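Below is one structure, written out as structure tokens; the observations come after it.
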Amino acid sequence: MDISWFVVLSAFIFCIGAAGVLTRRSPLVILLCIELMLNAGNLALIAFSRMAGNGEGQIFALIVMVVAACEVVIGLGIIVAMYRRRLPIDVDSMSELRG
Amino acid sequence: MLFEQLLFFVAGLGAIAGAVGVVTLRNPFFSVLALVAHLISLSVLFLLLTAAFLAAAQVVVYAGAVMVLYVFVVAYVGGSDEEMRHESTGWLGILGPLFALLLLIELTIAVVGSGLSVLDTRGADVGAAFGAPGQIGELLLTKFLLPFEIASFLLLVAAVGAVMLARKRRGLEEPADTISVADLVRSDAGTQKEAVRG
């Protein structure tokens, strides 16, 4: 398969994720959609790594996976804290950072 | 190769179907399951790009560990029967997908119209060791040692931060009354109620 197929597929997945972030209201689903976008980026990085023929893009993708895991852990921690304090699980009503 | 193309289309359709499922399904639990399907399809695509180590890491770390974390939080916060009532409607529900579509058109024009002739090849000739754990490990410990260490430190910071965020806060809730067994079995107390009061 040509590399461009993979890159176009990653653009597709990225846009689906972006649509989800823009339309959904639940922070859980928004985190899932951010995962989609990060994974689309990973696919593009690995495709370009294959294109260039060296492994540096794969290292980059691995670091992106680590950052995504950190982001998930912090995001889910915030959601659990919201739930503990009986706040509505809705991004529109969570518009300020002050606890 | 016909088999390779077949595998690409099956895995690509699976990845897109999983992504659409994540966005459209109403119950967050099913969204998580759709994301697991998406991640597994994506790991097949990684294998097609000869990134064997990353494909394995994708299945083990993402579809395994991170998704279990999601499932636990969805189960803890509870499904979202109540979420449907204020799901986005009106202009935001139309404008969001419209912007995403415009972004897709722009990205596709950028990729297809880039004039990068190497995009229309199968990539550079690589050996069998490309993307194997040996190569990844060697790169991580030589050329990319600093990002590797920073990533490990970032994981530590995130773990501590998650514990700080999700812990029970003292002072917000009343501390539970502590009742020891000695209060209940004390012989000189009259009723059990008095024993509990201490």
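The values are calculated or read from the model by the stated rules, or taken from the named source; none is laboratory data. What you see is a predicted model; the values in this text were computed from it and never measured. Virtual Cβ from ideal backbone geometry, glycine too; neighbours counted across all protein chains shown.
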*If B:A56 satisfies every condition in (1) surrounded by 20 or more Cβ atoms within 10 Å (Cβ to Cβ); (2) closer than 25 Å to B:A132 by Cβ; (3) small (G, A, S) but one, which is the exception?*
(1)
*Just for the range B:39-57: of the residues that are under 17 Å from A:R50 (Cα atoms) and polar (S, T, N, Q), which one is nearest to the other protein chains (Cβ to nearest Cβ)?*
B:T50
*Filter result for B:P97 (surrounded by 12 or more Cβ atoms within 10 Å (Cβ to Cβ), farther than 29 Å from A:I63 by Cβ and facing another protein chain (nearest Cβ under 7 Å))*: yes
_Selected residue (only one of A:I59, A:I34, A:I13, A:I63 is buried (at least 24 other Cβ atoms within 10 Å of the Cβ), assigned to a helix (DSSP H, G or I) and either facing another protein chain (nearest Cβ under 7 Å) or modelled with pLDDT of 90 or more (or both))_ = A:I13
*asked:* Exactly one condition in (1) facing chain B (nearest Cβ under 7 Å); (2) surrounded by 20 or more Cβ atoms within 10 Å (Cβ to Cβ); (3) closer than 25 Å to B:L154 by Cβ is false for A:A47; which is it?
replied: (3)
*asked:* Is it the case, given these coordinates, that A:I3 is modelled with pLDDT of 90 or more and at the interface with another protein chain (Cβ under 8 Å from one of its Cβ atoms)?
replied: no
_Failed item, numbered, when A:I89 is tested on (1) within 8 Å of chain B (Cβ to nearest Cβ); (2) part of a helix (DSSP H, G or I)_ = (2)
*Residues of the range A:16-31 being more than 7 Å from every other protein chain (Cβ to nearest Cβ) and under 12 Å from the mean Cα position of the chain (by Cα), which ones?*
A:V21, A:I30, A:L31
